[in-house]
1. Counting only the heavy atoms of the protein chains, how much of V246 is accessible to a 1.4 Å probe, in Å² to the nearest 10?
2. Quick one: P(r) of segment 26-103 from all Cα-Cα pairs, 10 Å bins, percents rounded to integers, in order of increasing distance.
3. Taking R0 as 41 Å, what FRET efficiency do you get between E78 and R308 from their Cβ-Cβ distance, rounded to the nearest 0.05?
4. Run through segment 214-266 and list the GluC sites (Glu not before Pro) located in a DSSP loop whose Cβ has at most 11 other Cβ atoms within 10 Å.
5. If one takes the longest principal axis of the Cα atoms in the chain, at what angle in degrees, from 0 to 90 and to the nearest 10, does the Cα axis of helix 285-304 lie?
6. So what are the ³J(HN,Hα) numbers for segment 24-31, from phi and the Karplus equation (6.51, -1.76, 1.60; θ = phi - 60°), rounded to whole Hz, Gly and Pro as x?
7. Quick one: work out the % antiparallel among DSSP beta bridges in the chain, nearest 5.
8. Given segment 279-376 reduced to its alpha-carbon atoms as identical point scatterers, what log10 I(q)/I(0) does the Debye formula return at q = 0.16, 0.17, 0.21, 0.24 Å⁻¹?
Amino acid sequence: MFDPVDIRKDFPVLGKYVYLDSAATTQTPRQVVEAMCDYFYKYAANHGRGAHRLARETTNHYEDAREAVAEFLGGDYEHTIFTRNTTESINMVALGLDWEAGDHVVTTHVEHHSNLLPWLRLKEKGVEVTVVTSDPRGTVDPCDIDRAITDRTKLVAVTHVSNVFGSHMDVKEITRIAHRHGCMSLVDAAQSVGHMPFDVADIDSDFVAVPGHKGMMGPQGTGVLYLKDTDSIRPTYLGGGTVYAVTEDGYKLENAPGRFEAGTPNIPGVIGLGKGVEYVKALGIGDIQQHEEHLARDAARRLSEIDRVEVYGPSDRAAVVPFNVIGLNPHDVAMILDETRKICVRSGHHCAIPSINLLKVEGTVRASFGAYNLPREVDLLVDTVEQIATTLT
Ligand code: PMP
């Protein structure tokens, strides 16, 4: 039975603060921390190297985590590459594909900088980039993507859920359109995996970038790149762990996933991530989605009823609520929420300046929700914002 009050005992920090910043990173359950402590205290060694028992145990735990994450994403083990974060996953695709001058990338106005800058940088190689705009509530129409694709388009790179608006993109339909035109698709799943049902096989995208430290409740410094075809990109880094055979003249790469994970990986982090997906799975993704969206939509509705408060994004939002108190800087609002009630929200441009420009504001306050948040935390947020709006503006 999904019970957010019960869940909170696994997150000691929540006893002291009202944490409404899960879109940036989620809190880490005790079980994940304990799995990482077990690694350090009981069997730490390097992964994949050496025959001794600690190396074998470490490798087994690391690869078990890969199995767990692959299954959680609805994909296959060999196709599940561990990275440091969503940003690294996306950059690995930008750096790993072969680009020629005149190639074309389609992306959107509602991307996080992590799914925009890697494509904009390709302009240095003569690659053209089209940025498709969204409606005022942050939703991109797949038909606009369809129209933007040319016979030189190589890749369509789209976020699943906007971290500024909380809007959803129909990434399955966008992927279908991309494939119909013979191009590839990349889905930035930073705000969706772990917050709603997500199945890489169903979406069928060529590349899926996933954070370990958000919806999957792993530690910071973990992420995943899911590759539909493990031969579609070249590894970004080479070195230990990536090769099958080496001579002075050359090398033969290991198969995936090893060829994409050069050097000593974040072993404790990955082991923690394996525990994180186990934890999220046990809570139930359907219940998590229902709970988070209920809190977010309730907060959005009630905030929008306050005089001088403006709420952005669609009514069928994911767990993200951007807003402003008219006349106040969003950082000041965030600071007051923290100083007066220990409410932790994010403020500013959320690493998505084009989205903020669409709203024609300097930035926003952003409250975002996790499985462990409670209705009383929404009450506190709404009451405090109301006080701020009535006394300070
Ligand atoms: N894309 C989106 C939509 C995001 O919300 C974020 C994090 N705010 C990122 C990418 C970057 O994620 P990471 O910190 O895991 O690199």
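1. Counting only protein heavy atoms, V246 exposes about 100 Å² to solvent.
2. 15, 33, 34, 12, 5, 1
3. E between E78 and R308, to the nearest 0.05, is 0.15.
4. Passing sites in segment 214-266 are E248.
5. Tilt relative to the chain: about 40 degrees.
6. 7, 6, 8, 5, 10, x, 3, 4
7. Approximately 55 percent, going by the DSSP bridge assignments.
8. At q = 0.16, 0.17, 0.21, 0.24 Å⁻¹ the computed log10 ratios are -0.71, -0.79, -1.12, -1.33.
The values are calculated or read from the model by the stated rules, or taken from the named source; none is laboratory data. What you are looking at is a predicted structure, and each value in this text was computed from that prediction instead of being measured. Methodologically, a virtual Cβ is constructed for each residue, glycine included, from the backbone with ideal geometry; neighbour enumeration extends over all protein chains shown. For the accessible areas, the whole protein counts, side chains as well, though only heavy atoms, and no ligand, DNA or RNA atoms are used. Shrake-Rupley method; radii C 1.70, N 1.55, O 1.52, S 1.80 Å.
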